Number of protein chains: 2
Amino acid sequence: MSKDQKVKILLEEKEIPRKWYNIHADMPFKLDPSYSPQTMGLATPQELLKIFPEEILKQEMSQERFIEIPEEVWERYKKFRSTPLYRAYDLEKALDTPAKIYYKYEGQNATGSHKLNTALAQVYYNKQSGIKRIATETGAGQWGSALSVACAEFGLDCTVYMVKVSYNQKPYRRSFMRLFGAEIFASPSTHTEVGRKILEKDPDCTGSLGIAISEAVEDAATHDDTNYALGSVLNHVCLHQTIIGLEAKLQMEKLGEYPDIVIACCGGGSNFAGIAFPFLMDKLDGSKKDLRAIAVEPTACPTLTRGVYAYDYADTGHAAPITKMYTLGADFVPAPDHAGGLRYHGDSPLVSLLYNKGVIEAQAYGQKDVFEAAVMFAKAEGIVPAPESAHAVKGAIEEALRAKEEGKEKTILFCLSGHGYFDMYAYDEYFKGSMQNTVLSDEQIKESLMKLPKVE
Amino acid sequence: MSKDQKVKILLEEKEIPRKWYNIHADMPFKLDPSYSPQTMGLATPQELLKIFPEEILKQEMSQERFIEIPEEVWERYKKFRSTPLYRAYDLEKALDTPAKIYYKYEGQNATGSHKLNTALAQVYYNKQSGIKRIATETGAGQWGSALSVACAEFGLDCTVYMVKVSYNQKPYRRSFMRLFGAEIFASPSTHTEVGRKILEKDPDCTGSLGIAISEAVEDAATHDDTNYALGSVLNHVCLHQTIIGLEAKLQMEKLGEYPDIVIACCGGGSNFAGIAFPFLMDKLDGSKKDLRAIAVEPTACPTLTRGVYAYDYADTGHAAPITKMYTLGADFVPAPDHAGGLRYHGDSPLVSLLYNKGVIEAQAYGQKDVFEAAVMFAKAEGIVPAPESAHAVKGAIEEALRAKEEGKEKTILFCLSGHGYFDMYAYDEYFKGSMQNTVLSDEQIKESLMKLPKVE
């Protein structure tokens with residue numbers, strides 16, 4: 001690194017985007033409608049209004065290209081945004097690659113990940129519509145942490161159903177949420193009908209994201225003052241995350257750069273959507289036809305790379321709408337892998353559709369390879385990636401090495417969606433040397449795909 | 001907060017200071033010399049060169065007002081600097097105070113605290129002088145983390161003697177340092193003569209910072225390719241931290257503001273020095289006579305508020321120079337309090353002298369009161385303070401409440417030196433409701449002061 005090399009690009013406050021980008025408006029193909037798991041007919045707004053505020057539903061269906069960020073949300077954004085765009089000079093050097101690697105780092109806010117972008121927006125709209133409490137689920141804890149902080153900021157109560165295995169494994173995530181005033185239940189809990197039923201059958205059940213979603217949705221649907229909030233998957237969540245990519249575009253513009261490849265980890269898809277959609281805008285309009293966008297997922301939960309594109313339940317208890325997406329089946333239980341939050345059986349309908357139409361690509365990597373990449377990145381760049389974000393790091397390293405092989409000066413941009421301070425035990429596992437890449441058999445996947453609902 | 005209120009001030013890259021500020025040059029009174037614990041005569045440069053590089057020794061003694069930051073260090077600084085200066089609008093509102101509260105946040109770099117400012121500088125100078133490995137101690141873990149990252153950046157080996165009680169209590173700090181390639185020993189260890197002696201007498205000894213320092217100094221003194229690095233106390237460490245206050249001054253200038261009161265937590269004193277010294281420059285030259293600077297310490301280790309100003313040993317094993325400072329006695333063992341790193345028996349000679357001459361003030365608070373303040377701050381501002389930094393938060397809240405009582409619009413600036421992600425267990429203790437403020441009896445303090453060395 002020399003003194004003339006710009007390692008970190010920030011925007012001025014007045015440059016922070018005032019609108020989110022809605023990719024659905026630009027897509028030549030449109031999303032299929034959702035179905036009600038109760039009636040098996042088309043999902044009605046009335047059903048959804050039991051758990052979401054009207055403004056969120058509007059965004060979920062919107063065909064507007066740009067949607068204004070409410071002043072009160074933007075005012076909260078400016079506490080931690082813009083987030084830095086870094087040029088990874090030291091990683092490039094370690095890889096001896098001709099590729100230029102940039103990363104957008106979303107881990108510097110108090111909750112440690114990009115999730116706060118949508119948490120603030122969702123809590124704001126709920127407050128506007130008179131809601132007093134929000135119920136949600138959390139797996140690895142990033143989403144529950146973000147929603148707790150957002151609720152504390154806007155003065156709403158927060159109830160988090162935390163997957164029991166994670167509740168026990170990650171006590172500090174729990175403490176963090178409690179510090180911000182959230183009420184936390186290990187899921188399955190006795191607090192909901194669906195939780196009690198599951199515990200009756202299997203008192204030792206360690207939970208899953210699908211179960212925790214069912215509990216949170218039931219809690220919201222059965223309490224008038226309470227709504228539900230989801231941290232990924234849905235269109236409005238992807239929408240709110242586009243602030244990441246919109247900023248990154250401006251930041252790269254300042255450098256006279258445009259990426260050849262955009263990379264992000266992909267669980268429910270919101271982080272991938274956040275960085276990639278604003279760039280895909282240019283691919284959809286034909287001005288950047290060769291742009292590649294790669295969603296990286298764990299081999300332990302390979303939704304895009306090995307799932308099917310079909311209608312499926314969003315949760316174990318069949319409380320949330322049935323949507324068309326890439327899925328491994330709602331009963332799919334990922335191996336106890338250190339992939340962090342990337343363990344949802346389905347994927348964002350928007351991301352799924354773009355993948356299905358060949359607009360984007362997907363890659364899956366095993367946890368051992370992913371942590372190896374994370375350690376290399378940490379030593380070079382001085383930031384410890386969250387296990388989720390480490391998948392994007394692995395993806396970027398692979399592409400940088402390919403550029404080296406091909407002797408091409410590619411420009412790579414990836415999203416470092418969060419830090420790994422709460423995930424050091426996973427790094428310990430890696431350093432013990434016993435971590436293995438998870439490989440699923442075709443039979444495992446086939447079996448969990450046998451119970452797809454029939455709605456078409 | 002309204003849209004016109006600036007909550008976060010950053011500097012442009014070209015505004016990041018290029019020089020550190022050396023307050024000793026401006027002090028009308030000078031530091032007393034150090035003594036050798038071996039000879040009990042004046043400490044000689046020859047002795048110190050066994051463990052420090054020449055450039056560091058020069059800085060330790062320097063009377064220059066400003067010292068240039070080497071290009072290679074500045075290039076590393078710009079990865080995480082400038083650090084944000086925040087206006088705490090939400091905390092002000094929660095306190096209903098007429099005071100304006102600003103805080104400088106040093107927790108956004110990978111190591112989570114201000115310690116990286118000096119770690120990078122020290123490792124750089126050691127590398128320049130041909131050193132291959134650095135040995136150090138760490139208590140709560142902030143310093144060990146920072147030095148590990150700095151050594152990884154410059155390609156030096158790093159050995160950390162970590163106080164055993166902390167080694168066991170904070171496994172994630174250990175993992176963090178290991179990730180960056182550091183070698184870590186629980187101190188007292190069998191790796192050094194002093195460690196072995198202590199373990200012989202007391203095999204269950206849980207260690208102390210004083211013991212860990214002795215081990216690291218011995219390691220450095222007995223290996224030619226190895227030097228020692230200290231994370232606080234010494235003049236050059238205070239010097240490197242002044243980047244904090246120099247930036248803060250520029251940032252406040254942009255707002256047309258100047259603080260009435262500057263506040264920081266104070267253990268060894270480097271964080272306090274970092275934020276306060278550049279402002280004290282204006283008090284020493286008479287242009288800001290009324291400026292108050294307050295060092296906040298825990299009642300469990302009340303060095304300034306209840307110690308004596310005297311020559312004392314810097315470490316348990318009497319390996320490091322004897323210096324004049326406020327001290328509780330080198331054998332003082334603080335109660336198992338959640339004050340984080342603020343557990344050193346002594347204090348920075350520069351901070352001590354300024355306190356002795358009445359230039360600065362000091363306050364001590366109990367851990368329960370400190371955590372209460374931290375929780376209030378976290379909920380208002382959305383950042384979880386490190387236990388150390390929470391002392392500054394408490395100090396700032398007290399002054400803001402006093403301003404309210406007096407109906408005065410004071411401008412308060414404090415340093416939020418780090419985040420508390422690795423310290424959630426301490427917050428858990430607080431929420432359990434059993435945390436008590438530590439109060440030391442006069443007898444406890446008197447006893448530990450009985451073994452001061454006689455050198456004058």
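In chain A, helical runs assigned H by DSSP with n ≥ 4 each contribute -39500 (n - 2.57); averaged across all residues and rounded to the nearest 500, the mean residue ellipticity at 222 nm is -12500 deg cm²/dmol.
Among the protein heavy atoms, those of A:Arg402 account for about 100 Å² of accessible surface (1.4 Å probe, every chain in place). Of the accessible area of region B:142-301, computed with a 1.4 Å probe over protein heavy atoms only, carbon and sulfur atoms account for 48 percent. Of A:Lys379/B:Lys132; A:Lys164/A:Lys451; A:Lys115/B:Lys432, which sit over 20 Å apart, Cα to Cα? Distance filter (> 20 Å) returns A:Lys164/A:Lys451; A:Lys115/B:Lys432. Segment B:Val439..B:Glu405, full-extension length gain: 9.5 nm, with 0.36 nm per residue of separation and the alpha-carbon distance subtracted.
Checking every one of the GluC sites (Glu not before Pro) in region A:48-92 against DSSP loop status and a limit of 15 other Cβ atoms within 10 Å picks out A:Glu64. Heavy-atom accessible surface of the protein assembly as shown, averaged per residue, reaches 35 Å², computed with a 1.4 Å probe. Distances, shortest first, from the label point of A:Leu49 to those at the same position in the other copies read 8.3 nm; the point lies 7 Å along Cα to C-beta. For the residue pairs B:Lys8/B:Lys404; A:Lys14/B:Lys394; A:Lys357/A:Lys446; B:Lys8/B:Lys283; A:Lys288/A:Lys404; A:Lys79/B:Lys357, alpha carbon separations beyond 28 Å are given by A:Lys14/B:Lys394; A:Lys79/B:Lys357.
Distances between placed amide hydrogens fall under 5 Å for B:Met325 paired with B:Ala310, B:Tyr311, B:Asp312, all partners being 5 or more residues away or on another chain. Take each residue in B:70-76, count the other chain C-beta atoms within 10 Å of its C-beta, and the mean is 2.
Each copy carries A:Glu64; placing its label point 7 Å along the C-beta direction from Cα gives inter-copy distances of 5.8 nm, listed from smallest up.
With N the number of residues in chain B, Rg(Cα) / (2.2 N^0.38 Å) evaluates to 0.91. In a DSSP loop and with at most 10 other Cβ atoms within 10 Å, the trypsin sites (Lys or Arg not before Pro) in region A:1-80 are A:Lys3, A:Lys30.
Put simply, chains B and A cover up around 4200 Å² of each other's accessible surface, both sides summed, when a 1.4 Å probe is used. In angstrom, the C-alpha Rg and Dmax of the protein assembly as shown are 27.7, 92. In straight-distance terms, cross-link reach from A:Lys50 covers every one of the aspartates and glutamates whose alpha-carbon lies under 14 Å from its own, apart from those fewer than eight places away in the same chain; here that gives A:Glu218, A:Asp219, A:Asp224, A:Asp225. Each label was represented as a point 7 Å from its Cα along the Cα-to-Cβ direction; for A:Thr39 and B:Arg196 these points are 8.2 nm apart. Shown is the FRET efficiency for B:Glu54 and B:Lys357, computed with R0 = 30 Å from the Cβ-Cβ distance and rounded to the nearest 0.05: 0.50. By the Cβ-Cβ criterion of under 4.7 Å, the unpaired cysteines of the protein assembly as shown are A:Cys205, A:Cys238, A:Cys265, A:Cys266, A:Cys301, A:Cys415, B:Cys205, B:Cys238, B:Cys265, B:Cys266, B:Cys301, B:Cys415.
The values are calculated or read from the model by the stated rules, or taken from the named source; none is laboratory data. These numbers come from a predicted model, not from an experiment. Cβ: placed from backbone, ideal geometry, glycine included. Neighbour counts: every protein chain shown. Surface areas here come from the heavy atoms of the whole protein model, side chains and all, with no ligands, DNA or RNA. Shrake-Rupley method; radii C 1.70, N 1.55, O 1.52, S 1.80 Å.
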